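> Have a look at this one.
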Amino acid sequence: MSNYNINPNSNNYNFNNRNTSLNNIQGASVAETRSLFASVFLWMFVALGITTLCSTLFAYNESLLQLLYNVDEFGRGRVSVLGWIIMLAPLGLVLLMNFAFNKLSFPALISIFFAYSALVGISLSSIFLLYNIGSIVVVFASTCALFGVMAIAGYTTKADLTKMGSILIIGLIGIVIASLINIFAKSGTLDFIISIVGVIIFTGLTAYDTQKIKNLAAQSDGSTDFKKLGVMGALSLYLDFINLFLMLLRLFGRKD
């Protein structure tokens, strides 16, 4: 399930792709838990680096930014054809990773993941036009801290988070529907509520996904497929981080 919305006059950005192969992988294994986690966080950090690089590159290069938006005589920006392609393409890449997981080689899978993170970065370049750069940096640092705490909690807790995860997924579906409605309603109150609920949901999902990866690692059969499993785990946590950042930015970001 996905929702992408990029509008230079709006602060609604959603990258909600929860239907990843991590939920359906059966029999994939890892050499050991530490090896899997090292792989997961390595690919996640690389993907975040690519996203950051692409977003800042397009945000501060006017010629590149003009490829995404057409400005009319009144100075209003409208998404160009290329902009729409870049907005919608990530959905196709996630579906490809999900349904072709068993057929894709590891180099192909990681290449698609990096391409996805680049497209997300390009799409997010418009946040630099809406928010003060100082507040973006502060919110990003806060997201890193919150994400780190919840990832550690998910890894170390002995409580089973499976039931909580099911509730969070239902809540995620709810905020996606609410976000779609608010595109037309343009309610500031509803946007505020969506942002608060979104922070709670993606905070919880961070712990849930971390524990899920840990549990899968414990079922290892010694296969080398852990490399591909690590990429899908990185995709899940990457989506948690990006969405958590965007929800916090909508709450605490200062607009220019």
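> Checking the condition hydroxyl-bearing (Ser, Thr, Tyr) and surrounded by fewer than 16 Cβ atoms within 10 Å (Cβ to Cβ), which residue from TYR131, TYR155, TYR208 passes?
It is TYR155.
> Does any residue in region 78-91 that is within 11 Å of SER123 (Cβ to Cβ) and touching a residue at least 12 places away in the same chain (Cβ under 8 Å) come within less than 8 Å, Cβ to Cβ, of a residue that is outside any helix (DSSP H, G or I) and β-branched (Val, Ile, Thr) six or more places away or on a different chain, and which pairs are these?
VAL79/ILE6; GLY83/ILE6; MET87/ILE6; MET87/VAL79
> I'd like the residue in region 172-187 that is of a type outside the set (A, V, I, L, M) and over 12 Å from ASN243 (Cβ atoms) and, out of all such residues, is modelled with the highest pLDDT.
Checked region 172-187; the qualifying residue modelled with the highest pLDDT is GLY174.
> Note down all Cβ pairs under 6 Å where the first residue falls in region 119-138 and is within 23 Å of GLY92 (Cα to Cα) and touching a residue at least 40 places away in the same chain (Cβ under 8 Å), the second is hydroxyl-bearing (Ser, Thr, Tyr) and surrounded by fewer than 22 Cβ atoms within 10 Å (Cβ to Cβ), and they're at least six residues apart or on different chains.
GLY121/SER55; LEU124/SER55; SER125/SER55
> Only one residue in LEU190, LEU248 is farther than 24 Å from PHE37 by Cβ and modelled with pLDDT of 95 or more. Which one?
Answer to the check: LEU248.
> Still on this model: Taking ALA151, is it under 18 Å from LEU244 (Cα atoms) and not aromatic (Phe, Trp, Tyr)?
yes
> Take region 145-174 and flag every residue that is free of Cβ contacts under 8 Å to residues at least 60 places away in the same chain, assigned to a helix (DSSP H, G or I) and not small (Gly, Ala, Ser).
Scanning region 145-174 gives VAL149, ILE152, THR156, THR162, LYS163, MET164, ILE167, LEU168, ILE170.
> Also, quick follow-up: Restricting to helices (runs of 4 or more DSSP H) lying wholly in region 37-137: which have 3 or more residues that are of a type outside the set (Asp, Glu) and under 24 Å from LEU216 (Cα atoms)?
Working: elements: 62-65, 81-99, 106-123, 127-130.
Passing ranges, in order: 81-99, 106-123.
> For the structure I just gave you, tell me whether LEU124 is in contact with a helix residue (DSSP H, G or I) (Cβ under 9 Å, 6 or more places away or on another chain), within 21 Å of MET87 (Cα to Cα) and of a type in the set (A, V, I, L, M).
Yes; evaluated as a whole, the condition is true for this residue.
> Select from region 102-138 the residues that are within 15 Å of SER55 (Cα to Cα) and among the small types (Gly, Ala, Ser) and write down the one among them that is modelled with the lowest pLDDT.
Result: SER126.
The values are calculated or read from the model by the stated rules, or taken from the named source; none is laboratory data. Here the structure is a predicted model, which is why all the values come from computation and not from measurement. Positions of Cβ are generated from backbone atoms using ideal geometry, with glycine treated the same way; all protein chains shown enter the neighbour counts.
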